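A.B. asks: Questions regarding the structure given below will be posed in turn.
The values are calculated or read from the model by the stated rules, or taken from the named source; none is laboratory data. Everything quoted here is computed from the prediction, not taken from an experiment. Here the Cβ positions follow ideal geometry from the backbone for every residue, glycine too, while neighbour counts run over all protein chains shown.
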């Protein structure tokens, strides 16, 4: 699904964030990118989204070189990106309106796209029908995050990128949305890539965890997490052991 091949990227010449960096993620895998602030987590997500382009190397998504944002990739940013003057329903429809305007051109929408504005199933699935006519400023942080998720999933992506999506939420809301994202990942067969700097969240959400250190990042350090879907995993010795292991690895980077 994702192949990052010998990529070098720098915002400032001579100070690369990634240098000859190679990494791959398979179809339907759940990945978490973990590391300290400033290590390049959000930069890598922007590269995968096609919002940034490497100075050297190549990124392939589903076998195709990535030269611009692709219509099958969904991106959810930290502040949700909701239009404050639009209702929840209209925010969820935003991507569909853009696709309807351009049509099934293979650039803004897949070539098999059929115009629609039907978002009711997702509003219902994510519990947003009671607030569908409210504005973002009138709803909770958790509801705003659900709105951002609905706006993305209504476009039927095969790759979902999330940049610290739960950072500003209280603990109960954060845990509820973490479970929701994993449920949707399994239901939709998505390839999932989530950025976080929280070790405990990485262990809960990542089937595989990509560790980034202080730039330049040259080697993809991958940690397997085969038990992450086990019932009561949060309270298990395996969960605590992996958290300790990741903390030690990050301190050693």
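A.B. asks: Condition first: farther than 14 Å from residue 82 by Cβ and assigned to a helix (DSSP H, G or I). Now tell me which residues in the range 124-147 satisfy that.
C.D. replies: Across the range 124-147, the qualifying residues are 124, 125, 129, 130.
A.B. asks: So residue 141 ticks every box in (1) touching a helix residue (DSSP H, G or I) at 6+ places or on another chain (Cβ under 8 Å); (2) modelled with pLDDT of 95 or more; (3) surrounded by fewer than 17 Cβ atoms within 10 Å (Cβ to Cβ) but one. Which box is left unticked?
C.D. replies: Just one mismatch for residue 141, condition (2).
A.B. asks: Select from the range 177-205 the residues that are in contact with a strand residue (DSSP E or B) (Cβ under 9 Å, 6 or more places away or on another chain) and closer than 14 Å to residue 250 by Cβ and write down the one among them that is surrounded by the fewest Cβ atoms within 10 Å (Cβ to Cβ).
C.D. replies: Result: 198.
A.B. asks: Looking at the range 68-78, is at least one residue out of contact with any helix residue (DSSP H, G or I) (no Cβ under 9 Å at 6 or more places or on another chain) and under 30 Å from residue 18 (Cβ atoms)?
C.D. replies: Among the residues of the range 68-78, at least one is out of contact with any helix residue (DSSP H, G or I) (no Cβ under 9 Å at 6 or more places or on another chain) and under 30 Å from residue 18 (Cβ atoms), which makes the answer yes.
A.B. asks: Identify all residues within the range 1-32 that are under 20 Å from the mean Cα position of the chain (by Cα) and in a loop (DSSP other than H, G, I, E, B); write none if there are none.
C.D. replies: 1, 17, 26, 27, 28, 29
A.B. asks: I would also like to ask the following. Give the range 195-212 a look and list any residue that's farther than 19 Å from residue 167 by Cα and modelled with pLDDT under 95, or say none.
C.D. replies: Hits for the range 195-212: nothing passes.
A.B. asks: Looking at 211, 242, which one is within 30 Å of residue 54 (Cβ to Cβ) and touching a strand residue (DSSP E or B) at 6+ places or on another chain (Cβ under 8 Å)?
C.D. replies: Criteria check complete, one pass: 211.
A.B. asks: Still on this structure, I have one more. Only residues that are over 13 Å from the mean Cα position of the chain (by Cα) and either more than 18 Å from residue 69 (Cα to Cα) or in a loop (DSSP other than H, G, I, E, B) (or both): list them for the range 148-166, please.
C.D. replies: Correct list: 150, 154, 155, 156.
A.B. asks: As an exercise: evaluate residue 71 against (1) modelled with pLDDT of 95 or more; (2) part of a loop (DSSP other than H, G, I, E, B); (3) surrounded by 19 or more Cβ atoms within 10 Å (Cβ to Cβ) and give the number of the one condition it does not meet.
C.D. replies: Going through (1) modelled with pLDDT of 95 or more; (2) part of a loop (DSSP other than H, G, I, E, B); (3) surrounded by 19 or more Cβ atoms within 10 Å (Cβ to Cβ) one by one, residue 71 breaks only (1).
A.B. asks: Find the helices (runs of 4 or more DSSP H) located wholly in the range 170-253 whose residues include 3 or more that are touching a residue at least 40 places away in the same chain (Cβ under 8 Å) and touching a helix residue (DSSP H, G or I) at 6+ places or on another chain (Cβ under 8 Å), and list them.
C.D. replies: 199-205, 237-252
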